[in-house]
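Read the structure below first, then the notes.
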Amino acid sequence: MPAFSLEPSQTARCAELRTLAAERLHPLAEKGEPGRVNRPLVAELGRLGLLERLFTSGALDLCLMRESLAYACTEAETALALQGLGAHPVHAYGTPAQRERWLPAVSDGGAVAAFALSEPGAGSDAAALSLSAVPDGPSRWRLTGEKCWISNAPEADFYTVFARTTQAGARGVTAFLVPADRPGLSGTGLDMLSPHPIGALAFDAVPVSADDVLGEVDRGFRVAMGTLNLFRPSVGAFAVGMAQAALDATLAHTSRRDAFGGKLRDLQSVGHTVAEMALRTDAARLMVYAAATAYDEGAPDVPKRAAMAKLLATETAQYVVDSAVQLHGARALRRGHLLEHLYREVRAPRIYEGASEVQRGIIAKELYAEPATVKALEAVETMEAS
């Protein structure tokens, strides 16, 4: 992995994580059941101290962890990321009591977390969610409705749930910490293309109170977007890790494969394709690192950078993995082949945590709102008027 912009210690840590993923995590992943939470794998992530780092490290370190794990074991990467996504709202917006109850258990791998935002009718349009929080006395509510496409559902131990407390669009949403054993909460698993667990949740007057609120009442959208701004660049890092694995597999295959009187790599069309794969992978990696650094430094343009990083990296990984499959031929489509696995894994990141189209919308909105853009438009209007 190129070390541009990284310290030697960071590069060494990435290499160590790849080794850990290959030697200690991948064997546990292989024993897991597709579509189910692999608790032994989660527990091992806790024993290795990786889950605790979700709450003690910055965005760049999160990206480096996700990229390194994805290269050698996508299941371990996803298990780590889902713990972070579901528990980050508790870490960043929870009360001392909420953090004390759940974060140690998440860190040691004993409790599984989930982030419950999407609904059957409110996926990309997250502000349109309809799960209702109906008042049930002073500072108490009953949650009624559905969530869908929720990673780790229905097997998580607790959920960060976003519900509508008033009819005021994005401003009328509240985030709640809901333990899985609350009465009225049930769920079912969904059979998806990706191998990690995804399910639907049903809320039948599930009781919650002020003690369960994350952040402030009616300000839950801030909790959701704050979490996604952190995790979107790291989705890009996941994609970069997969792209690099596919690229390395392709370099090895095209160097060994005999074809047309030479090696496959000697064909100009193959060499150009591999060059394009490498170019796009490195460009995506640098954008991911830049977005993560901007987050860690508190830059004002984090939403735009996070969206750019997620968009470029996930679209790049799709291209690189698809190109790798093409250059490997039929062997890459055989069940159990690395590229067959990556081909199933790589599609979902272009949809979850904001589809590519949503990211383009965010980028455009942020661009038009930037002071430099406003000044440029005013200057153009002045010149046209004169």
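Starting from the range 94-121, keep only residues that are more than 16 Å from Val161 (Cα to Cα), then list their pairs with residues that are among the basic types (Lys, Arg) whose Cβ atoms are within a distance under 8 Å, requiring at least 6 positions of separation or different chains.
Partner pairs satisfying both residue conditions: Asp108/Arg47; Gly109/Arg39; Gly109/Arg47.
Mind telling me which of the residues Ala278, Ala317, Ala309, Ala284 ends up being surrounded by fewer than 21 Cβ atoms within 10 Å (Cβ to Cβ) and modelled with pLDDT of 95 or more?
Values: Ala317 fails: surrounded by fewer than 21 Cβ atoms within 10 Å (Cβ to Cβ); Ala309 fails: surrounded by fewer than 21 Cβ atoms within 10 Å (Cβ to Cβ); Ala284 fails: surrounded by fewer than 21 Cβ atoms within 10 Å (Cβ to Cβ).
Only one candidate qualifies: Ala278.
Kindly state which helices (runs of 4 or more DSSP H) lie completely within the range 277-386 and contain at least 2 residues that are touching a residue at least 40 places away in the same chain (Cβ under 8 Å).
Details: elements: 302-328, 338-345, 356-369, 371-385.
In the range 277-386, the matching helices (runs of 4 or more DSSP H) lie at 302-328, 338-345, 356-369.
Being within 26 Å of Val178 (Cβ to Cβ) and at pLDDT 95 or above narrows it down to one residue among Glu23, Glu52; which is it? Before you say what the answer is, go through the steps one by one.
Details: Glu23 fails: within 26 Å of Val178 (Cβ to Cβ).
On inspection, the qualifying residue turns out to be Glu52.
Are there any helices (runs of 4 or more DSSP H) wholly within the range 1-96 with 2 or more residues that are surrounded by 15 or more Cβ atoms within 10 Å (Cβ to Cβ), touching a Cys at 6+ places or on another chain (Cβ under 6 Å) and not polar (S, T, N, Q), and if so which? Spell out the reasoning first.
Details: elements: 8-20, 26-31, 39-47, 59-72, 74-93.
It comes to 26-31.
Out of all the residues in the range 184-196, is one or more crowded, with 18+ Cβ neighbours inside 10 Å, on the phi < 0 side of the Ramachandran plot, at pLDDT 95 or above and among the β-branched types (Val, Ile, Thr)? Full working, then the answer.
Kept after step one, since they are crowded, with 18+ Cβ neighbours inside 10 Å, are these residues of the range 184-196: 185, 187, 194-196.
Within this subset, residues satisfying the condition of being on the phi < 0 side of the Ramachandran plot are 185, 187, 194-196.
Filter once more, so that each one left must be at pLDDT 95 or above: 185, 187.
So of that shortlist, the ones also among the β-branched types (Val, Ile, Thr) come out as none.
Within the range 184-196, none of the residues are crowded, with 18+ Cβ neighbours inside 10 Å, on the phi < 0 side of the Ramachandran plot, at pLDDT 95 or above and among the β-branched types (Val, Ile, Thr).
The values are calculated or read from the model by the stated rules, or taken from the named source; none is laboratory data. Just so we're clear, the structure is a prediction, and the values are computed from it rather than from any experiment. For neighbour counting, all protein chains shown are included, and Cβ atoms are generated from backbone atoms with ideal geometry for every residue, glycine included.
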